[in-house]
Amino acid sequence: GQVFKLKDYRPTDFVVERIDLTFELDPTQTRVVSRISLQRRDGVAADAELVFDGDELSLEGLQLDGRDIDPALYTATPDTLTIRELPASVPFEITVTTVISPQTNTQLMGLYRTNGVYCTQCEAQGFRRITYFYDRPDVLAVYSVTIIARKSETRYLLSNGNLVSSGSLDEGRHCATWFDPHPKPSYLFALVGGDLGLIEDSFTTMSGREVALKIYVEHGKENRAGYAMDALKRSMKWDEEVYGLEYDLDIFQIVAVSDFNMGAMENKGLNVFNDKYVLADPETATDADYANIEAIIAHEYFHNWTGNRITCRDWFQLCLKEGLTVYRDHTFSADQRSAPVKRIAEIRLLKAHQFPEDAGPLAHPVRPETYREINNFYTATVYEKGSEVVRMIRTILGAEDFRKGMDLYFERHDGDAATIEDFLACFAEASGRDLRQFALWYSQAGTPSVSVSTDWNEAGHTFKVTLEQSLAATPGQPRKALMHIPLAYGLILPDGSEFAGQPSGNDAENGVFHLTRRKQSFTFTGVPERPVLSINRGFSAPVTIAMEQSAADLAHIARHDSDGVARWQALNEQATRYLVEASKLCRDGRNLPSAQKLAEILVATASDESLEPAFRAQALALPAESDIAREIGSNIDPDSIHAARNAVLSEVARFGADVFARLAGAAPEGAYSPSAEDAGKRALAGAALAYAAIADGGPGRAMAAFDAADNMTVLSQALQVLTQSFPAAAETADALTAFRTRFSGDPLALDKWYAIQAMMPGKTTWRRVEELLDSPDFDRSNPNRVRSLIGGFSAGNPTGFNVASGDGYRLLAREVIDIDKRNPQLAARLLTAMRSWRSLEAGRQEQARLALVSIREAANLSPDVSDIVDRMLD
Ligand code: HT7
Ligand code: ZN
């Protein structure tokens, strides 16, 4: 396939100003008429051709200023429309007619139908599946959209912007016209037509304008959209208060659909959501679902400024909108909830998804420089590491200059299709800092490693910290330049207080070491007693730290650090070290050392009433098997990791049995509330239940919790304890049947049933997954269902998926090949679960390789899947 390169960017030959679209909706014969006003760009040759993008299109009509164009003057293929001999200097209008079939569009890109609702997804390159156009983000145009459809099946006809007119037509049809005054790229175009339920509210902006808020959901689900509406209003208020950014249309609409390739889409004024991130009530949604809804509603809303008002010049700049908007939604959620607990969750996620990406064959810079299929670059690196890079800018500049830089960015680039250079220039100018070395975070892939050593001089009362950075080669980048790594630190004295003095030199500032050379030392003088170094506090930089720190020093940080995140980091480090060691011993068939010390500190933290429950729950959650595997790095045997982790769980469970029994029974008072406070209490009770059940050695307690549960959070916690710790028990089978029966009519709840089973550990889970694939309500065309079962198995079940026989890999390969025929984007994403295959032990590696080769050799692979499989096998 074609390779696109950042360095090849050049603007279009023709400038588009307006586009007027008319849709006559029909399941298999939707007619799209597109009138586009164009003008040749200054300086472009008079004989330059107009070349529009298409994807599986067929042209039905083509006019220039209202008159049919001579077929000798254009060429139309499914992928391009090329028109020759167009006016040299005057503006002109091209009318393009296409006919498309939403009903048979299984890719869920372009215009498609989901549960009878017409809906679009145009990012990144879906608009070209609707009509021929310059389908690229630097072509900004003003859109007007008229939709005509049968009234009986499309009560609502929606598009971007404000409603201009609507009315009835003949033959039971109706129409609506929408106008969006804000110039936008084609990827932000949206259309929805369907018979939906509606909830309405309004928001008064800081300048006193009233904005109508509407959320459309499937009929009967209106009462599940209240939390999303509340999150939307809080997001609108937050963006005004924190960034001074106001909403800019009279109406903001959200449509929830059940078939969607990703989480949601920020189309101007008309966000389309995967219904999983809109619908919630206590019976069917967990606390985590509520938190995700809040974060994703905020994320899409925040895109209105970071993404829509200022968009990307090209798709290489994707992190310009995504990294920044993730950063904004992270800080929003931190403000709405417990900031340290939110940060801990972010660190876990980054390490679980982005670090392995950076360490494997799919590694790429936050701003890639080449791609074959842009859909494969909506990655943890672009989103999560992209957000970390913005966070580092704030750490380096400080809050005040960061805000000045953001203000300058909005002022200077409103209405632009911008680049990372534009973005960084605003911060450099606002702060007077040189960010050229820092900019390497956007262009160098891989996770830097910082080795840390300390030297305490008792006689001289000096403490020296030496830092050294390195960055391993990644695909296409054999040699790396030195990075600017901002590392927040603290020196904790034996009494738990913090040493306030500054180190020598000017490479440290406000509690942050600026590591810019290969090796740097920082010397603190006048330190009264030997301090303990707390480094990379709050995960100020997305790096790995290599440091010989004693268990006693880690315990000291865990007890005394003034930063809650750093306390958790120390606990987690201690647990990880033990688990890595234990896993290696298990692999070699040796006995494990006692985990008593770890158990003591975990149980003490769990029962420390001065700490918030959500934090205590995070402390109790041992590193996942995949975290341990990542730390081990090579020659991985998932079974020994599983065995070692289970052994530690048992030891902690036995040691804290009384504490866990007490905590497992605690619940927030009163009716269910999704508040962070109550969710934290449930998280602690759930974590304690898992340990208490292990200490019991039988399913009774978990089964009782399952039977007594009055909300989905507690119900699914109990079911997970049963399936993880007592997979073969009759109670577990009964609970699964009861869950299935109770939620048979509720797809989102049923997705949990599939996922929970997909993640059951063991050698035979692949057989269970195969049976579930054949069950009548396993709908292969629904991405949520596919992700729950196949994604849950391949990305969430280390022992089950990596079964030594290779059956797990073969199952995934078969499904990827099959799904690819309908939905390449989904297939490619599922396949990324195998990205770390080279770090497995030799036998599994060979099985994985064979499965990957079977995919590569399959007929008619999509560019999406070929791109991933080729990079994985390279
Ligand atoms: N900006 C949106 C990305 C997205 C997307 C990309 C490719 C294919 C389908 C898609 N649906 C949504 C989502 C976001 O980051 O806000
Ligand atoms: Zn986004």
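The values are calculated or read from the model by the stated rules, or taken from the named source; none is laboratory data. The structure presented is a predicted model; accordingly, all values stated were derived computationally and were not measured. Positions of Cβ are backbone-derived with ideal geometry, glycine not excepted, and every protein chain shown enters the neighbour counts.
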Checklist entry - Could we say that THR370 is over 20 Å from the mean Cα position of the chain (by Cα), within 30 Å of PRO183 (Cβ to Cβ) and more than 16 Å from ligand 2 (Cβ to nearest atom) here? => result yes
Checklist entry - If you go through the range 528-547 one residue at a time, do you hit one that is of a type in the set (S, T, N, Q), more than 30 Å from the chain's Cα centre (by Cα) and closer than 25 Å to ARG391 by Cβ? => result no
Checklist entry - Name the pairs: first residue in the range 302-316 and under 20 Å from PHE377 (Cβ atoms), second residue within 10 Å of ligand 1 (Cβ to nearest atom) and part of a loop (DSSP other than H, G, I, E, B), Cβ to Cβ under 7 Å, at least 6 apart or on different chains? => result HIS303/GLU266; GLY307/GLU266; ASN308/GLU266; TRP315/ALA124
Next on the checklist: Consider the range 676-694. How many of its residues are of a type in the set (Gly, Ala, Ser) and in contact with a Phe, Trp or Tyr (Cβ under 9 Å, 6 or more places away or on another chain)?
Outcome noted: 7
Next on the checklist: When you check PHE316 against the structure, is it farther than 30 Å from ARG616 by Cβ and either assigned to a helix (DSSP H, G or I) or within 15 Å of ligand 1 (Cβ to nearest atom) (or both), yes or no?
Outcome noted: yes
Item to check | Selection from the range 96-112 of residues that are surrounded by fewer than 22 Cβ atoms within 10 Å (Cβ to Cβ), hydroxyl-bearing (Ser, Thr, Tyr) and within 16 Å of ligand 1 (Cβ to nearest atom) | outcome: THR106
Item to check | Qualifying positions in the range 331-345 - within 16 Å of ligand 2 (Cβ to nearest atom) and free of Cβ contacts under 8 Å to residues at least 60 places away in the same chain | outcome: SER333
Item to check | Checklist (1) out of contact with any Cys (no Cβ under 8 Å at 6 or more places or on another chain); (2) buried (at least 23 other Cβ atoms within 10 Å of the Cβ); (3) not aromatic (Phe, Trp, Tyr) applied to ASN115, failing item | outcome: (2)
Checklist entry - Name the pairs: first residue in the range 280-301 and not assigned by TED's automatic domain parsing to the domain that holds ASP329, second residue β-branched (Val, Ile, Thr) and more than 16 Å from ligand 1 (Cβ to nearest atom), Cβ to Cβ under 7 Å, at least 6 apart or on different chains? => result THR286/THR713; ASP287/THR713
Item to check | Residue under evaluation ASP779, criteria (1) under 27 Å from the mean Cα position of the chain (by Cα); (2) at pLDDT 95 or above; (3) of a type in the set (D, E, K, R); (4) part of a loop (DSSP other than H, G, I, E, B), criterion not met | outcome: (2)
Next on the checklist: Being more than 26 Å from the chain's Cα centre (by Cα), under 24 Å from VAL278 (Cβ atoms), part of a helix (DSSP H, G or I) and not charged (D, E, K, R) is the requirement here; does PHE739 meet it?
Outcome noted: yes
Checklist entry - Do the conditions hold for ASN292, that is, is it away from ligand 2 (no atom under 11 Å from the Cβ) and touching a Gly at 6+ places or on another chain (Cβ under 6 Å)? => result no
Checklist entry - How many residues does the range 796-855 hold that are among the aromatic types (Phe, Trp, Tyr) and either out of contact with any Ser or Thr (no Cβ under 7 Å at 6 or more places or on another chain) or outside the structural domain of GLN757 (by TED's automatic domain parsing) (or both)? => result 2
Item to check | Matching option when the condition is within 12 Å of ligand 2 (Cβ to nearest atom) and touching a residue at least 40 places away in the same chain (Cβ under 8 Å), among ASN267, ASN261 | outcome: ASN267
Item to check | Enumeration of residues in the range 86-118 that are touching a residue at least 40 places away in the same chain (Cβ under 8 Å), of a type in the set (S, T, N, Q) and farther than 20 Å from LEU196 by Cα | outcome: SER89, THR95, THR97, THR98, SER101, THR104, THR106, GLN107
Item to check | Subset of the range 118-138 that is crowded, with 21+ Cβ neighbours inside 10 Å, polar (S, T, N, Q) and under 19 Å from MET262 (Cα atoms) - its residue that is nearest to ligand 2 (Cβ to nearest atom) | outcome: GLN121
Checklist entry - Going by the structure shown, is THR325 of a type in the set (Ser, Thr, Tyr) and within 16 Å of ligand 2 (Cβ to nearest atom)? => result yes
Next on the checklist: crowded, with 23+ Cβ neighbours inside 10 Å, within 16 Å of ligand 2 (Cβ to nearest atom), polar (S, T, N, Q) and under 13 Å from the mean Cα position of the chain (by Cα): is that true of THR306 in this structure?
Outcome noted: no
Checklist entry - Could you say which residue among GLU266, GLU294 is buried (at least 23 other Cβ atoms within 10 Å of the Cβ), within 28 Å of GLU210 (Cα to Cα), away from ligand 1 (no atom under 14 Å from the Cβ) and charged (D, E, K, R)? => result GLU294
Checklist entry - Does SER626 fit the bill of being under 32 Å from the mean Cα position of the chain (by Cα) and either among the polar types (S, T, N, Q) or surrounded by fewer than 16 Cβ atoms within 10 Å (Cβ to Cβ) (or both)? => result yes
Checklist entry - What residue, of LEU482, LEU491, LEU467, is in contact (Cβ under 8 Å) with a residue 12 or more places away in the chain and part of a loop (DSSP other than H, G, I, E, B)? => result LEU482
Checklist entry - Which ones in the range 1-31 are part of a strand (DSSP E or B), under 27 Å from ASN860 (Cβ atoms) and not polar (S, T, N, Q)? => result PHE4, LYS5
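To keep it simple, each residue is scored yes or no on (1) in contact with a Pro (Cβ under 6 Å, 6 or more places away or on another chain); (2) assigned to a loop (DSSP other than H, G, I, E, B); (3) not hydrophobic (A, V, I, L, M, F, W, C).
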position: ASP47; (1), (2), (3): no, yes, yes
position: GLU60; (1), (2), (3): no, no, yes
position: THR75; (1), (2), (3): no, no, yes
position: LEU86; (1), (2), (3): no, yes, no
position: GLU93; (1), (2), (3): no, no, yes
position: VAL96; (1), (2), (3): no, no, no
Checklist entry - Got at least one residue in the range 674-681 being over 28 Å from ALA339 (Cα atoms) and in a helix (DSSP H, G or I)? => result no
